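Novice: I'd like to ask you about the structure that follows.
The values are calculated or read from the model by the stated rules, or taken from the named source; none is laboratory data. In this text, all values refer to a predicted model and were calculated from it rather than measured experimentally. Quick reminder, even Gly has a Cβ in these numbers, built from the backbone with ideal geometry, and neighbours come from all protein chains shown.
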Amino acid sequence: MTRGPLNGRRRSLMAGSIGAVKRGVTCSSCGQQRVKMPTSWSMYDCGFYCQPCWEAFACSLCGHKDPKGNDFKGSWNCRACRHKRQVKEKNVPSHDVLQRLIIEESAELIGSTQSCSDALKVGKSDEAVKLLSQLATDHDEGESDEEESWADADVVGELPALLGKPGGGVAKPTKQKPDTSRPRHIVLVLDASGSMRQQDVEADAETRRELGSQCASLTRLEAAELCAAKFAREHAKARPQDFFSAVAFHETASAVSKKLLASDFAETFALGDRACNGTFYLQGLQEAADVLAEYADLPGELVMLSDGRPADTKAALNFFQDTFLRGRHAGVHVHGIGFGTTVESFAPLQQLACLSGGTFALSGSTVRGLCQAFSSVSSTITSSQSSNWIVAEESEAKPQKQKPQLRVVDFELPEQGIFGKKHVIRYRAARTHFSFDGTEFQQKKFAAGPVVRRQLPYMRGGMRLVYSFQDDCVSKDGTWMVAKSSRYLDAALNSRVAVEAHAKSSALASYFASVFNARLQNSGAATAKHATLFFVPCYLYEVENAVPDVPTCFAAERYLPGVFLKYNSNNGYVADAQLPHNDLVQAFLHFSFEESGGRFIVSDLQGVARQNEVLLTDPQVLSITREYGPGDLGTAGYLRCLQSHRCGSACKRLGLHPINAAKLRQVGRSQTDVASCSSWQHILSDSSFPDWDRVSEQAAAEYVLGEGNPPSTPMSASSWVHVLDS
C-alpha cells in the first residue's frame, strides 16, 4: 500500500485502536508469518515479535509484563531491571539519587549561612526602581514623542508611581510581521530505524480529528512525519522565505526531499514505510552534510530527531567534530529532539546539540509532546536568525579585533564517572567554597587533596569546557563531579579572579534562591504547590603544583544529570512559556533585582526540572559594578533582562513591581561608568589587551547582542570581554 503524507489528502494510518501491519513480518519468537497482526520491535536484538508473543513476555528478574511493547522479549530484562543491573555493575547512581544529593548538599550549605527568610524588606523595591531612574542621563530624559509612544506600548502591567507616569494598563497586542531577513536552509534529520515502527505514540482528540481517524495511537515514524509537517507549516508563518530538506537514516541514509520552501515542504513531505534496522547517527550526519554542501550559498540549521541511543556513538562524534565544529560546516547549529522519556538514551544527541550551540528537547511519547518539542526548536531558530546574519554581513565589510585564542580540544563521549588508569590526570588541589549572607561573602578553605580529571572534555558552554571530575572529599558517596575551565588561553580568563567571580555568582544565587523559596512559601497561597529552586554548589579549586594541560584555577561542582533547560540568558533571552516551572524561574530573576535593591540580577538561569524542584547551575550575576566576570554585562544586561521580562502569576503573588520599559531603555543607553575600580576591571587591565582604548558600553553591548556594528574605535578589555560570552 502506498503511504502518503499524514497532513495531505493521502492518509493511511494503522487500522483499529492497536493497528495492523501492512506487510508480512516473521515473528522472531514463534517463527510464523504475521500479515494482519500488530508487531513490536526490539532494539536489542533487532527482531520483530507478533502481538501474542510480545504480550507473553515476562522479565526474567522481576516477572514484570509489558503488553505495550516498550521493553524486551524473551529472557531479556525489563527496562527498570536493566538500569538497576547497570547501576550495580558500573557503580553508577541513578539520576534521581544524583539529583537528590545535590538538593541535600545545597540545602545544607544554605542552612549554614544566616539568610533573611522574611518578606521583601521595606523599601528595597523602591530603591531598585529609583536606582534605574538615577542612572538615566540628561540626554535620555528628552526622548521624542515617537519613542515614548513605543515605550508605553511595552509597559508591563501598571507603572510604579515613582517613575512619574500614570498607570498605563496592559500593553495592546500588536500583529507580528514576518521576518524577511536572509533565507536559511533547515535540514530535518529523522531516525527511521526499526524502533520507529512501534505503535506507542498517543494521539489526542485534536490529532484524530485532523487525520479523520479514531486510531488511539500512531507509530513513531507516523508521528514524526505529522509533527515535522506541522513544524514546517508554522515556521512558514514567521519565515516564509526559508527552505526545508529532510534526511531519513538507519543503517543507511537518504534525502527524502531537498530545498523546498517551508509551505511546499509542509504539503508534500512524506516518510513512507521505511523504518528498519538499527540507529546509526553517522549515516544521517553524513547525508545531512552533503545536503548542506549542495546548497552552500544558504546558511543552515540541522534538526535531528531520534528515539534512542545510536550504535555508533564514537564514530558519529568524531565525524561531528571534524565537520560541524571545525570543518566545512563549522557554525551550523544542530538541534536535537529526543523522542521518548528515558533521558539516559539521549545523552549522545544532547551532547551534539550542546556542542554546536543548539537546543535539545525531550518530547515524551505523545503527539502533543512531540509537536511542542518541534515548537521549542522553531522558536529558537526564528528568534536568532535575523540578528545573527546582520552581524555576519557587517563583519565582512569592517575588520574586527581578534578574539583571545581558543583552546584546541577534542571531545569525548558523555560517559560519566569513568576514572581508570587511562585518559585521566591525577593531581592535588585545594578547594574553596563561597557563601553569601545578603551583605558580604564568606569563604571556607579546605586543605589540598587528591583529585582526578578526564583528559578530554565532553561538553562546552559559551565560556567554559566541561570535564568529568572526581574529588572524594566532596563526593564520598561514589558520585561524580564536573570541572569547568575557560575555553580561552588568555591568562586573565584563567585567573583566580575570573574563577572566583563564577563561584561567587553561584553563592549569591543560592542566597537569593533561599530567600525566594521562603518568600513564596509565605505568600499566602496555601493551596498552591510550588517548586523549590536550588543552585548546585560550586567550588573553586587551586592546583597545588603545576600540571600540564590543567589550569591553575578552575571551578567544579556535582554532576547534574537530566535534560538541561535554558530559561533565560544574561542578554535578554526568555524561553518559551511551555517549559516546566517557567513562570517561577522567570519570577526569580525579577525577585533578585528587587530584593537586592537593584544591585544585582541573577540571570542565565538553566538546569534540570523535577516535579517539585528545579536544580539550576551556572548562573550569571549582573551588577552595576560589573565585577562578576566577563558575562556580567552591567547596565546593558539590566536593560535586556528586565525589558524582556514579563510578570506572571508568581511575580504577582510575590508583589513584585512591573517594569517600566522606557526607563530601562534609558539605562541601557547610559554612558555612566561606575565600574572603573572593580576587581574584574583591574585584572583585565593587566591582560593581553593593554593597547585598546575605551569604547562606550552601549556600542559594545549592542554589538554583542547582534544589533549593532563593530565599534569604530578599538575596544577596551572591559568591553571586549563581554563579546566572549555571546
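Novice: Within the range 291-300, identify whether any single residue is within 28 Å of the chain's Cα centre (by Cα), assigned by TED's automatic domain parsing to the domain that holds GLN350 and acidic (Asp, Glu), and answer yes or no.
Specialist: Among the residues of the range 291-300, not one is within 28 Å of the chain's Cα centre (by Cα), assigned by TED's automatic domain parsing to the domain that holds GLN350 and acidic (Asp, Glu), which makes the answer no.
Novice: Same structure, new question: Kindly list, by first and then second residue, each pair from a residue in the range 241-270 that is farther than 17 Å from ALA288 by Cα to a residue that is surrounded by fewer than 17 Cβ atoms within 10 Å (Cβ to Cβ), limited to pairs with Cβ atoms under 6 Å and residues at least 6 apart or on different chains.
Specialist: Cβ pairs passing all conditions: ALA266/ARG233; ALA270/GLY4.
Novice: Same structure again: Select the strands (runs of 3 or more DSSP E) contained entirely in the range 512-608, then report the ones holding at least 3 residues which are in the same structural domain as THR635 (by TED's automatic domain parsing) and over 20 Å from GLY438 (Cβ atoms).
Specialist: Working: elements: 532-535, 538-543, 553-558, 600-603.
Where strands (runs of 3 or more DSSP E) fall fully within the range 512-608 and carry at least 3 residues being in the same structural domain as THR635 (by TED's automatic domain parsing) and over 20 Å from GLY438 (Cβ atoms), they are 538-543, 553-558.
Yes/no matrix, rows are residues, columns are (1) assigned by TED's automatic domain parsing to the domain that holds THR617; (2) surrounded by 19 or more Cβ atoms within 10 Å (Cβ to Cβ); (3) in contact (Cβ under 8 Å) with a residue 12 or more places away in the chain; (4) among the hydroxyl-bearing types (Ser, Thr, Tyr):
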| site | (1), (2), (3), (4) |
| --- | --- |
| PHE411 | no, yes, yes, no |
| ARG431 | yes, yes, yes, no |
| GLU440 | yes, no, no, no |
| VAL452 | yes, no, yes, no |
| GLN455 | yes, no, yes, no |
| TYR458 | yes, yes, yes, yes |
| GLY461 | yes, no, yes, no |
| ARG464 | yes, yes, yes, no |
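Novice: Kindly provide the set of residues from the range 607-647 that are closer than 14 Å to SER569 by Cα, small (Gly, Ala, Ser) and buried (at least 23 other Cβ atoms within 10 Å of the Cβ), ordered by number.
Specialist: Listed by number, the residues that qualify are GLY607, GLY631, GLY634, ALA636, GLY637.
Novice: Give the number of residues within the range 332-360 that are modelled with pLDDT of 85 or more and either closer than 22 Å to ALA311 by Cα or in a strand (DSSP E or B) (or both).
Specialist: Restricting attention to the range 332-360, the residues satisfying the condition of being modelled with pLDDT of 85 or more are 332-339, 346-360.
If we keep only those that are either closer than 22 Å to ALA311 by Cα or in a strand (DSSP E or B) (or both) as well, we get 333-339, 346-356, 360.
The qualifying residues number 19.
Novice: Let me ask something else about it. If a residue must be surrounded by fewer than 16 Cβ atoms within 10 Å (Cβ to Cβ), of a type in the set (A, V, I, L, M, F, W, C) and in contact with a His (Cβ under 7 Å, 6 or more places away or on another chain), how many such residues does the range 255-297 contain?
Specialist: So the count comes out to 0.
Novice: Give me a count of the residues in the range 472-489 that are under 22 Å from ALA447 (Cβ atoms), under 23 Å from the mean Cα position of the chain (by Cα) and not in a strand (DSSP E or B).
Specialist: 1
Novice: Only residues that are surrounded by fewer than 21 Cβ atoms within 10 Å (Cβ to Cβ) and touching a Phe, Trp or Tyr at 6+ places or on another chain (Cβ under 9 Å): list them for the range 491-501, please. Lay out the reasoning, then the answer.
Specialist: Taking the range 491-501 and keeping what is surrounded by fewer than 21 Cβ atoms within 10 Å (Cβ to Cβ), we get 491, 494-497.
Passing the criteria: ASN494, VAL497.
Novice: Take VAL585 and decide whether it is crowded, with 23+ Cβ neighbours inside 10 Å and among the β-branched types (Val, Ile, Thr).
Specialist: yes
This table checks each residue for (1) of a type outside the set (Phe, Trp, Tyr); (2) in contact with a Leu (Cβ under 8 Å, 6 or more places away or on another chain).
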{"position": "TYR573", "(1), (2)": "no, no"}
{"position": "PHE588", "(1), (2)": "no, yes"}
{"position": "SER603", "(1), (2)": "yes, yes"}
{"position": "ARG610", "(1), (2)": "yes, no"}
{"position": "PRO619", "(1), (2)": "yes, yes"}
{"position": "ARG626", "(1), (2)": "yes, yes"}
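Novice: Still on this structure: Among residues belonging to the range 333-346 that are in contact with an Asp or Glu (Cβ under 7 Å, 6 or more places away or on another chain) and surrounded by fewer than 23 Cβ atoms within 10 Å (Cβ to Cβ), point out the one that is nearest to LEU370 (Cα to Cα).
Specialist: Checked the range 333-346; the qualifying residue nearest to LEU370 (Cα to Cα) is GLY340.
Novice: Right, next: Does PHE554 fit the bill of being under 27 Å from the mean Cα position of the chain (by Cα), buried (at least 24 other Cβ atoms within 10 Å of the Cβ) and under 17 Å from ALA587 (Cβ atoms)?
Specialist: no
Novice: Would you mind finding the one in VAL547, VAL574 that is farther than 14 Å from THR617 by Cβ, surrounded by 16 or more Cβ atoms within 10 Å (Cβ to Cβ), in contact (Cβ under 8 Å) with a residue 12 or more places away in the chain and of a type in the set (A, V, I, L, M)?
Specialist: Checking each option against the conditions leaves just VAL574.
Novice: Checking ALA236 against (1) surrounded by fewer than 22 Cβ atoms within 10 Å (Cβ to Cβ); (2) hydrophobic (A, V, I, L, M, F, W, C); (3) under 30 Å from ARG646 (Cα atoms); (4) in contact (Cβ under 8 Å) with a residue 40 or more places away in the chain, which single condition isn't satisfied?
Specialist: (4)
Novice: Select from the range 300-331 the residues that are crowded, with 19+ Cβ neighbours inside 10 Å and in a loop (DSSP other than H, G, I, E, B) and list them in ascending order.
Specialist: Matches in the range 300-331: ASP307, GLY308, PRO310, HIS329.
Novice: Continuing with the same structure: Is it true that ARG431 is of a type outside the set (Phe, Trp, Tyr), farther than 30 Å from SER592 by Cβ, at pLDDT 90 or above and in a strand (DSSP E or B)?
Specialist: So ARG431 fails the test.
Novice: Ok, one more. Within the range 224-233, can one find any residue that is touching a Pro at 6+ places or on another chain (Cβ under 8 Å), closer than 21 Å to SER378 by Cα and small (Gly, Ala, Ser)? Give the steps one after another, and end with the answer.
Specialist: Taking the range 224-233 first, the residues touching a Pro at 6+ places or on another chain (Cβ under 8 Å) are 225, 229.
Next cut, closer than 21 Å to SER378 by Cα only: 225, 229.
Those left that are additionally small (Gly, Ala, Ser): 229.
Yes, the conditions are met somewhere in the range 224-233.
Novice: Of all the residues that make up the range 192-233, how many are basic (Lys, Arg) and surrounded by 19 or more Cβ atoms within 10 Å (Cβ to Cβ)? So that I can check it myself, show each step before the final result.
Specialist: Taking the range 192-233 first, the residues basic (Lys, Arg) are 197, 208-209, 220, 230, 233.
Going one step further and asking which of them are surrounded by 19 or more Cβ atoms within 10 Å (Cβ to Cβ), we end up with 197, 220, 230.
Result for the range 192-233: 3.
Novice: Here's a follow-up. One residue is enough: does the range 206-221 have a residue meeting the conditions closer than 21 Å to ALA289 by Cβ and hydrophobic (A, V, I, L, M, F, W, C)?
Specialist: no
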